[in-house]
1. Could you please find all residues in the stretch 81-110 being aliphatic (A, V, I, L, M) and without any contact (Cβ under 8 Å) to a residue 60 or more places away in the chain?
2. Taking the condition basic (Lys, Arg), touching a residue at least 24 places away in the same chain (Cβ under 8 Å) and assigned to a helix (DSSP H, G or I), does Arg145 pass?
3. Would you tally the residues in the stretch 1-51 being modelled with pLDDT under 95, crowded, with 19+ Cβ neighbours inside 10 Å and farther than 22 Å from Gly82 by Cα?
4. Regarding Cys104, is this residue of a type outside the set (Lys, Arg) and surrounded by fewer than 19 Cβ atoms within 10 Å (Cβ to Cβ)?
5. Out of all the residues in the stretch 126-142, which are assigned to a loop (DSSP other than H, G, I, E, B) and touching a Gly at 6+ places or on another chain (Cβ under 7 Å)?
6. Which of (1) surrounded by 14 or more Cβ atoms within 10 Å (Cβ to Cβ); (2) over 16 Å from Thr38 (Cβ atoms); (3) of a type in the set (Gly, Ala, Ser) is the odd one out, the single condition Gly119 does not satisfy?
7. Can you tell me which residue is farthest from Gly48 (Cα to Cα) among those in the stretch 1-35 that are among the charged types (D, E, K, R) and not in a loop (DSSP other than H, G, I, E, B)?
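The values are calculated or read from the model by the stated rules, or taken from the named source; none is laboratory data. Since the model is a prediction, treat every value here as computed from it, not as a measurement. Counting neighbours? That spans all protein chains shown, and the Cβs are built from the backbone with ideal geometry, glycine included.
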Amino acid sequence: MSIRTITMRVNGVVRTEDAEHHTTLAEHLRTALRLTGTHIGCGTGDCGACVVLLDGEPVCSCLVLAMQADGREVSTVEGVVGRDDLTQARRALIEEHGLQCGFCTPGLLVRMAHAVRHGGGEEDVLAGHLCRCTGYGGIRAAWRRTAGAPEAGL
């Protein structure tokens with residue numbers, strides 16, 4: 001077993017912990033750092049539940065090894081949900097029925113945060129996101145509301 005000490009800035013705080021060579025970033029965040037908002041769904045990068053920002057860009061943390069994040073900046077859902085625009089996004093998701101079970105919501109909120117900050121669109125929010133509960137209508141409506149877009153048809 002190969003274990004290495006890694007250091008990363010997570011949600012603005014420098015964190016140093018040991019990680020095994022095969023541990024994914026998602027597992028490391030959840031177990032070593034106790035940040036359980038990042039969900040592990042498919043483990044293959046298809047569902048988007050585990051999306052975090054790595055150096056400001058959305059990545060599926062189930063596809064990134066923890067060691068690959070050594071010396072880098074990671075933002076999880078815990079780090080982005082306090083922002084005013086994400087409070088609005090959470091409210092919109094609730095009011096537009098854009099979430100049901102909530103399992104995929106953390107990754108969706110991280111993608112929404114990135115899109116709001118960088119002027120992304122609906123395709124950026126839904127890219128790589130799989131929701132088995134809502135049928136996407138409510139998610140799309142919530143995004144349009146969050147982004148200030150007119151209420152267009154689906």
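1. If we filter the stretch 81-110 for residues that are aliphatic (A, V, I, L, M), which is where we start, we get 81, 86, 89, 92-94, 99, 108-110.
Correct list: Val81, Leu86, Ala89, Ala92, Leu93, Ile94, Leu99, Leu109, Val110.
2. Criteria met by Arg145.
3. Summing the residues that are modelled with pLDDT under 95, crowded, with 19+ Cβ neighbours inside 10 Å and farther than 22 Å from Gly82 by Cα in the stretch 1-51 gives 2.
4. Details: of a type outside the set (Lys, Arg): yes; surrounded by fewer than 19 Cβ atoms within 10 Å (Cβ to Cβ): no.
For Cys104, the condition - of a type outside the set (Lys, Arg) and surrounded by fewer than 19 Cβ atoms within 10 Å (Cβ to Cβ) - is not met.
5. Going residue by residue through the stretch 126-142, those that are assigned to a loop (DSSP other than H, G, I, E, B) are 127-136.
Listed by number, the residues that qualify are Gly128, His129, Leu130, Thr134.
6. For Gly119, the exception is condition (1).
7. We begin by selecting, within the stretch 1-35, every residue among the charged types (D, E, K, R); these are 4, 9, 15, 17-18, 20, 27, 30, 34.
If we keep only those that are not in a loop (DSSP other than H, G, I, E, B) too, we end up with 4, 9, 15, 17-18, 20, 27, 30.
Values: Arg4: 27, Arg9: 22, Arg15: 24, Glu17: 25, Asp18: 26, Glu20: 24, Glu27: 15, Arg30: 16 Å.
Of everything passing the filter in the stretch 1-35, Arg4 is farthest from Gly48 (Cα to Cα).
Residue-by-condition table, conditions (1) without any contact (Cβ under 8 Å) to a residue 40 or more places away in the chain; (2) in the same structural domain as Ala127 (by TED's automatic domain parsing); (3) not charged (D, E, K, R):
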| residue | (1), (2), (3) |
| --- | --- |
| Met8 | no, no, yes |
| Val13 | yes, no, yes |
| His22 | no, no, yes |
| Arg34 | yes, no, no |
| Thr38 | no, no, yes |
| Gly48 | no, no, yes |
